[in-house]
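J.: Sharing a structure below in structure tokens format, with a few things to ask.
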Amino acid sequence: MKAVYSLQQHSERVSTNALAEHLGVKAPSVTDMARRMVETGMIDYQKYYGVRLTQQGEITALAVIRRHRLIELYLLRELGYPLHEVHAEAERLEHAVSEQFINAVDRKLGYPEIDPHGDPIPSAEGHIATISGTPLTEVTLDTDARVARFDTSNSAMLEHLVNRSIKLGDLIRVRERDPFDGPLRLTVNGQAKTLGYKAAACVMCVMVEAENT
């Protein structure tokens, strides 16, 4: 349901092939799962037209996303986990803890609004903020921007970004882009850095001008 919710942000219905690719499983497995989930009232599945969450399915998906993102933040802030390890650990824990535990984590963290990747944390009532941002690969040259989100859960990519000392909230400016998906030359908090195109595409930014209006 988390995967369907994520993919639904880009299209009204999600194809079983897209869902299979996202989950790293075979398409027949997704079709079988979707048919079984129809019986729970969580998924609307139509052959050849893919799947969509029902209203109840969306409520449930947001509840699981809330658990996952709060656990990620707790692991990072309170237990000292590195950023690139929190996603996999939260995947293991999100179904094993009670709602009481999640609410206690929320209080302990001061009712945070974003997770370690910059994604919004749904409220206990099921509300979630709209996310925005421009990939670093598309930010206008010599324009101040701020790192708002990492658009990846790939642990190797996150570790690479951390090793390049790129963090949420950093002030960043693209000085030069090599053509044909070449590397970008940047300043991050005033320090010169080089970042490959694929990594830069995962760094979502907000323009400082827009931030101040």
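The values are calculated or read from the model by the stated rules, or taken from the named source; none is laboratory data. This is a predicted model, so every value here is computed, not measured. Cβ coordinates were reconstructed from backbone atoms using ideal geometry, including for glycine residues, and neighbour counts include every protein chain displayed.
J.: Go through region 174-213 and give me each residue that's of a type in the set (D, E, K, R), in a strand (DSSP E or B) and surrounded by fewer than 18 Cβ atoms within 10 Å (Cβ to Cβ). Show your work before the answer.
T.: Initial filter on region 174-213 (of a type in the set (D, E, K, R)): 175-178, 181, 185, 193, 198, 209, 211.
From what is left, the residues that are in a strand (DSSP E or B) are 175-177, 185, 193.
The answer is R175, E176, R185, K193.
J.: Could you check how many residues of region 1-34 are outside any helix (DSSP H, G or I), within 20 Å of R67 (Cα to Cα) and either in contact with an Asp or Glu (Cβ under 9 Å, 6 or more places away or on another chain) or outside the structural domain of K47 (by TED's automatic domain parsing) (or both)? Don't jump to the end; show me each part of the working.
T.: Just the residues of region 1-34 that are outside any helix (DSSP H, G or I), to begin with: 1, 9-15, 24-26.
Now narrow it down to the ones that are within 20 Å of R67 (Cα to Cα): 1, 9.
Checking which are either in contact with an Asp or Glu (Cβ under 9 Å, 6 or more places away or on another chain) or outside the structural domain of K47 (by TED's automatic domain parsing) (or both) leaves us with 1.
The number of residues fulfilling the criteria is 1.
J.: If S155 passes every condition in (1) within 24 Å of R77 (Cβ to Cβ); (2) modelled with pLDDT of 95 or more but one, which one does it miss?
T.: (2) is the only condition that S155 fails.
J.: While we're on this one: Among the candidates R164, R185, which residue alone is modelled with pLDDT of 95 or more and on the phi < 0 side of the Ramachandran plot? Give the derivation first.
T.: Details: R164 fails: modelled with pLDDT of 95 or more.
Testing whether each residue is modelled with pLDDT of 95 or more and on the phi < 0 side of the Ramachandran plot leaves just R185.
J.: Just give me the residues in region 173-191 being among the hydrophobic types (A, V, I, L, M, F, W, C) and touching a Lys or Arg at 6+ places or on another chain (Cβ under 7 Å), in sequence order. Show your work before the answer.
T.: We begin by selecting, within region 173-191, every residue among the hydrophobic types (A, V, I, L, M, F, W, C); these are 174, 180, 184, 186, 188.
Hits for region 173-191 are L184, L186.
J.: Mind listing whichever residues of region 140-165 are buried (at least 16 other Cβ atoms within 10 Å of the Cβ) and of a type in the set (S, T, N, Q)?
T.: Of everything in region 140-165, those that are buried (at least 16 other Cβ atoms within 10 Å of the Cβ) and of a type in the set (S, T, N, Q) turn out to be T152, S153.
J.: Pick from region 89-139 the residues that are touching a residue at least 60 places away in the same chain (Cβ under 8 Å) and polar (S, T, N, Q): which of them is surrounded by the fewest Cβ atoms within 10 Å (Cβ to Cβ)?
T.: S132
J.: Looking at region 1-19, I want the residues that are farther than 11 Å from V30 by Cα and have a partner that is in a loop (DSSP other than H, G, I, E, B) with Cβ atoms under 6 Å, at least 6 apart or on another chain. Which pairs are those?
T.: Close Cβ pairs satisfying both conditions: R13/Y49.
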